[in-house]
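K.L.:
The structure's right below; bear with me while I get my questions together.
The values are calculated or read from the model by the stated rules, or taken from the named source; none is laboratory data. Given the structure is predicted, the values throughout are model-derived calculations rather than measurements. Here Cβ is always computed from backbone atoms with ideal geometry, including for glycine, and neighbour counts include all displayed protein chains. In case anyone asks, the SASA skips ligands and DNA or RNA and just uses the protein heavy atoms, side chains included. Shrake-Rupley method; radii C 1.70, N 1.55, O 1.52, S 1.80 Å.
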Amino acid sequence: MEFLHPEYFWLLLVVPLYIAWYIWRQNKINTTIQVSSLSPMKGVGKSWKSYLRHLPMVLRMLALAAAVCVIARPQSTSSHRDEKTEGIDIVMAVDISGSMRAQDFKPNRLEAAKDVAIRFISGRETDNIGLVIFAGESFTQCPLTTDHAVLTNLFNDIQTGMLEDGTAIGSGLATAINRIKESKAKSKVIILLTDGENNRGSITPLKAAEIAQTFGVRVYTIGVGTNGTAPFPVQTAFGIQYQDMEVKIDETLLTQIADMTGGKYFRATNKSSLQSIYEEIDQLEKTIMDVREYTKRTEEYLPYALACALLLLLEMLLRNTILRTLP
């Protein structure tokens, strides 16, 4: 139930004003008689009419409230919604090699990448999303799923050191392709994030890109790392020390992978730029949705109108019969 013109409820402010006027009028018209003693009146109680003498005023106010509801046009609505979704399947391939502990991102590259990716996932409610991790080897952390709560938990669990160290970009991409190649979705996407150069794996990145192209998989590549050097934690006899290490990202390779598959290469030098990259990918890969909505409105003023009429009729009947007052 909703009202088409709820602004008319301001008219109900008349009710307290009328009550105040009614009390003032009652006090003014009541008369007093001075008598020497009230003893003859002892034992005489009030009649039931004295208790009901204000009932007409109450009925009149209720009738006014019902009338206001009528002019505010109460309506009930029933709606039907048809929704057709053309889903997008996305596999996120994330580098978890030791270099992802560098702290040019806060708190480090991997934690920043996880945080931004989880926000991206939360905005893709209708999509199947999977997670592949890679370092010197690759591993499927989560297959394609619409259960984003489970995916988020598995994303939070990834750490450096889970896999043999190194950077096997080709293996990471190949594993992601293997997870998405049989998808029936209209759009198949891989987001590959790395901070280094390919130095491990049994399949070259360009060969993996050719396979992605064959299966119609679009690959967006992200190079993570500041320009120049980045502080990297190193365990020493005196505890963890930080050393500035040169940032080496094979941007030419990542650009080639993206171009071959119809994707795009991005460079993230800080967390805010990484966030912007995911926002751009989010806009580029929008889920297609056809929505048809039917809404039927039914006027519901009749019960209020009948209540108003009955209350006014009852008020007039009482005021002119059993509760009639003489001038």
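K.L.:
Which pairs do you get when a residue that is β-branched (Val, Ile, Thr), found in segment 113-127, comes within reach of a residue that is modelled with pLDDT under 90, reach meaning Cβ atoms under 6 angstrom, with the pair 6+ apart or on two chains?
P.N.:
Qualifying pairs under 6 Å: Thr126/Thr85; Thr126/Gly87; Thr126/Thr287.
Yes/no matrix, rows are residues, columns are (1) modelled with pLDDT under 95; (2) in a helix (DSSP H, G or I); (3) acidic (Asp, Glu):
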residue	(1), (2), (3)
Ile191	no, no, no
Ala212	no, yes, no
Val219	no, no, no
Asn227	yes, no, no
Ile257	no, yes, no
Tyr278	yes, yes, no
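K.L.:
Name the one entry in Gln34, Gln26 that is at pLDDT below 65 and either open to solvent by 90 Å² or more (accessible area, probe 1.4 Å) or assigned to a helix (DSSP H, G or I) (or both).
P.N.:
Gln34
K.L.:
Report, ordered by the first and then the second residue, all pairs with beta carbons closer than 9 Å, sequence separation of six or more or different chains, a first member in segment 1-27 that is under 23 Å from Leu302 (Cα atoms) and in contact (Cβ under 8 Å) with a residue 60 or more places away in the chain, and a second member that is of a type in the set (Ser, Thr, Tyr) and open to solvent by 70 Å² or more (accessible area, probe 1.4 Å).
P.N.:
Filtered contacts from segment 1-27: Met1/Thr77; Glu2/Thr77.
K.L.:
Suppose we filter segment 147-164 for residues that are of a type in the set (Phe, Trp, Tyr) and loosely packed, with under 11 Cβ neighbours inside 10 Å; how many remain?
P.N.:
The number of residues fulfilling the criteria is 0.
K.L.:
Name, by its number, the condition in (1) modelled with pLDDT of 95 or more; (2) more than 30 Å from the chain's Cα centre (by Cα) that does not hold for Arg73.
P.N.:
(1)
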